[in-house]
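One structure is given here, and the rest of the page talks about it.
The values are calculated or read from the model by the stated rules, or taken from the named source; none is laboratory data. None of these values were measured; they are calculated from a predicted model. Cβ coordinates were reconstructed from backbone atoms using ideal geometry, including for glycine residues, and neighbour counts include every protein chain displayed. Only protein heavy atoms, including side chains, enter the accessible area calculation; ligands, DNA and RNA are left aside. Shrake-Rupley method; radii C 1.70, N 1.55, O 1.52, S 1.80 Å.
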Amino acid sequence: MCTTLAAGRVTRADYGDAMADPRRPLHVVAGLVALALLAASCSGDAGSGAGTASVSTDTTATTTTGPTPETSSTPAPDTTDPPEQPFECAAATPRQCLLPWPNDAFTVADPGTPTGRRLSLPMDATPRNADGAPIDVREQNRADGFSPHSVILVDLPGLDPAASGIAGSTDIGASLADEAPIRITDTVTGERWPYFAELDAQAADDADRLLMVHPAAALTEGHTYEVSIGELVDTAGAPLVPATDRWQFTVASAESLSGRLLAMRDDAYAGLDGAAPSFRVESVADNGGVRTVDAVLDVPLYLSGDGSSGATLLLDADGRPSRNPTTPTYPAAVRCVLPIEPAGPVPVIVYGHGLLGGRGEVDVLSFAASIGVAGACATDWIGMSRDDLGTVAGILADLSRFATLPDRLLQAHLNMLFLGRALNDERSLASDPAFQTPAGAPIIAAGSTQFVGNSQGGILGGATSAVSTEWTRALLGVPGINYALLLTRSSNWPQFQAVFDQAYTAPVDRAIALQLIQLLWDRGENSGYAQHLTTDPYPGTEPKQVLLVQSFGDHQVANVSTDILARTIGAAVHRPSLGPGRSPEVEPQWGIPALGDTIDRAAMFVWDFGTPAPPTVNLPPNSIDHGSDPHGAPSSEQRVLTQALTFLLSGTLLDVCGDAPCTGG
């Protein structure tokens, strides 16, 4: 059976979702971790890798239409300086000052923003690292609201979540029950928002375990939400009364989240003035039927210096990204794998690599080139590539430096877009003999590129795809959304924790710190763009067709995050998604409608390779309790590859699992 992805809106039913030696200086620990990560960053990863979101509460529903977008105006970047900070905190610690989080108490009125508000986080109340430096939040204070994936943090010492009836990750549907003690309500629409909640399992002491409430889908951009807390009990069964039982917070607008990248895209394309992107070929190597080409692509540079690791975005007087006046071009290194003598021109895929890896991971798609059906090209996700390992380690020791990471990601997204343009324009790469057969015929089918991102490439690739005018289909393999949710659930995290936990020693400070950096990370990953990926596209941009591939029990990218992404983009899931007894959830993939014969924009297939179910709390899986990591397994499953290529090349979605769950060896 084949399912064709149609061109209309997504259809959805409505809501009813230390280890480091403490004696070592931080800079020494950061250096040691950078060396360790250099050796381990790509292991297990190379082969793997809007409008209002509505989540179905009926897993068989496929036809309810989501709401019409309220606006289609072009998002623009922030154009004003951060406001003064009238909020002053007399308390001694972030725990006393910044909770509950998020909270409009930490905003000021600003009629110049789409939301009418702007963050005003108090500089003297942010977590301090071991050197006594508070997190500098001036960049965060440019935003006109909080993250659409904000984790609600509440300090409730002694809370018994189960006895209080709080919905956990295994029963998201319970969050919408009449008797649910915690409610998240959209004040614009009056809808209740689904969530799951947990005590912070990263904290060793019960007294330090904040209640963490995770929205089950992206909160709508620009809307204000009310959090209300009803009757709770502690571990002794006694009533537990929170210090604050009702408050509101405003979610950042599309302009605040994506305006900078869209401005860079539009300015860079305008600078082409009808010409094709320029490039130079560095090397060509033929092996069997596959050609490997290394090249350098010229991309307008919007970062400081030469754009290397640690650079930051250049802004003009109005707060808009500005092209570097002294180094106007960034040399984006590109690697391509191509069929040497295909029967005719073939599509060439833009590939997004895995965690802190590099463009060389595109070699995993050599199989498509070897059979003559497609090629693939990749460039580095600068900001989160192998070259950034040292910078990342330094950031973890001092989160005031974090802005360089999402700033470089914005340049990386632009590099990806220009790679797509260079593949689509026959005057660019296709004009060079390196991209032609021995007889001089073109290898590249101009205008036919699509996107594949695995792992980190799936967490960032939805953002690139949402702003892309170069492709219409995206395959996101073992993807996720919201790094603040992902980090502590990932088996990769302990490597980074060696620095982070030594720098920020209080568990509550660490939970707050992750929320502070997510405010900036939104600009560079799926979190800030997913609401415009399959519906409510940015002006001048088409909605995309998206295929999500989830690996059940994934050790590196938590399944709960993939499910949140699926709900946010309105994906339908192949059902049965899992066999009986495989998931501890009351309803696996809650709120994601079943995939039918025809769907609108997005689909998800859950692949089960026999790995035990992942932890139900914010801890990473381990090999003793959770078996072998299936993160890269889909890349070795023939049915996944067949489905992926068919989808990318034709837009047709093969149902390769029939009426059974998708299982692999």
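Listed highest first by mean packing, meaning other Cβ atoms within 10 Å per residue, what order do 568-575, 129-136 come in? Walk me through the numbers before you get to the answer.
Working: 568-575: 26.5, 129-136: 15.5.
The densest-packed peptide leads the list: 568-575, 129-136.
For segment 104-111, just list the computed ³J(HN,Hα) in residue order, Karplus coefficients 6.51, -1.76 and 1.60, θ = phi - 60°, integers in Hz, with x standing in for Gly and Pro.
5, 4, 9, 10, 10, 5, 8, x
Can you compute the helix-only [θ] at 222 nm over the chain? Use -39500 (n - 2.57) per DSSP H run of at least 4 residues, normalise by all residues, nearest 500 deg cm²/dmol.
Mean residue ellipticity at 222 nm (helix-derived): -6500 deg cm²/dmol.
Using +1 at the Cβ of each Lys and Arg and -1 at the Cβ of each Asp and Glu in segment 225-291, identify which of Ser253, Pro277, Pro239 lies farthest towards the dipole's positive end.
So the residue furthest toward the plus end is Pro277.
Does segment 226-375 come out rounded, prolate or oblate by the C-alpha gyration tensor, with a ≥ b ≥ c the root eigenvalues, rounded set by a/c under 1.5 and, if not, prolate when a/b is larger than b/c and oblate if not? Kindly include the intermediate steps, with their values, before the conclusion.
Details: a/c = 3.16, a/b = 1.70, b/c = 1.86.
Since a/c reaches 1.5 but b/c is at least a/b, the shape of segment 226-375 is classed as oblate.
Skip the ligands, DNA and RNA, and give the accessible area per residue of the chain with a 1.4 Å probe, whole Å².
For the chain, the per-residue accessible area is 34 Å².
If you roll a 1.4 angstrom probe over the protein chains with everything in place, what fraction of the accessible area of the chain belongs to carbon and sulfur, to the nearest %? Mind dumping the intermediate values first?
Numbers: 11560 of 22420 Å².
Carbon and sulfur atoms account for 52 percent of the accessible area of the chain.
Label segment 87-195 by shape, choosing from rounded, prolate and oblate, from the square roots a ≥ b ≥ c of the eigenvalues of the Cα gyration tensor; if a/c is under 1.5 it is rounded, and otherwise prolate applies when a/b is larger than b/c, oblate when it is not. Present the calculation step by step, with values, prior to reporting the outcome.
Values: a/c = 2.63, a/b = 1.38, b/c = 1.91.
Judged from the Cα gyration tensor, segment 87-195 comes out oblate (a/c at least 1.5, b/c at or above a/b).
Can you match volume of the Cα convex hull per residue in Å³ to one of these, (1) 229; (2) 160; (3) 145, based on a calculation from the structure here?
(3)
Where the only charges are on Cβ atoms (+1 Lys, Arg; -1 Asp, Glu), what is the dipole of segment 394-461 about its Cα centre, to the nearest 20 debye? Before the final figure, lay out each step's value.
Details: 4 positive and 5 negative charges, 15 e Å.
The dipole magnitude comes to about 80 debye.
Could you tell me which GluC sites (Glu not before Pro) in segment 205-277 are loop residues by DSSP with no more than 12 other beta carbons within 10 angstrom of their beta carbon? Intermediate results must be reported in sequence, preceding the final value.
Working: sites: Glu221, Glu226, Glu231, Glu255; in loops: Glu221, Glu231.
Listed in order of number, the matching sites are Glu231.
Classify segment 488-615 from the C-alpha gyration tensor, please: rounded if a/c falls under 1.5, else prolate or oblate depending on whether a/b exceeds b/c. If you can, show how the numbers build up before the last one.
Numbers: a/c = 2.74, a/b = 1.28, b/c = 2.15.
Note, shape of segment 488-615 comes out oblate.
Place +1 on the Cβ of every Lys and Arg and -1 on the Cβ of every Asp and Glu in segment 419-496, take the dipole about the Cα centre, and give the residue among Ser448, Leu487, Gly477 whose Cα lies farthest towards its positive end.
Of the options given, the answer is Leu487.
If you place +1 on the Cβ of every Lys and Arg and -1 on the Cβ of every Asp and Glu, how big does the dipole about the Cα centre of segment 579-646 come out, in debye to the nearest 20? Don't jump to the answer; show the numbers that get you there.
Working: 3 positive and 8 negative charges, 22 e Å.
So the magnitude is around 100 debye.
Report the charge-dipole magnitude of the chain in Debye, nearest 20, computed about the Cα centre from +1 at each Lys and Arg Cβ and -1 at each Asp and Glu Cβ.
Values: 37 positive and 75 negative charges, 233 e Å.
So the dipole magnitude of the chain works out to roughly 1120 debye.
Relative to the present Cα-Cα distance, how much length would full extension add between Asp205 and Asp234 at 0.36 nm per residue of separation? Display every interim value, and only then the final one.
Working: separation 29, 0.36 × 29 = 10.44 nm, distance 1.56 nm.
Residue separation times 0.36 nm, minus the Cα-Cα distance, leaves 8.9 nm.
Can you give me the Cα centroid spacing of segment 531-556 and segment 253-310 in angstrom?
22 Å
So if I take the centroid of the Cα atoms in segment 225-245 and the same for segment 167-188, what is the distance between those two points in Å?
14 Å
For the charge dipole of the chain, defined by +1 on Lys and Arg C-beta atoms and -1 on Asp and Glu C-beta atoms about the Cα centroid, which residue among Ala422, Gly158, Met604 has the Cα displaced farthest towards the positive pole?
Ala422
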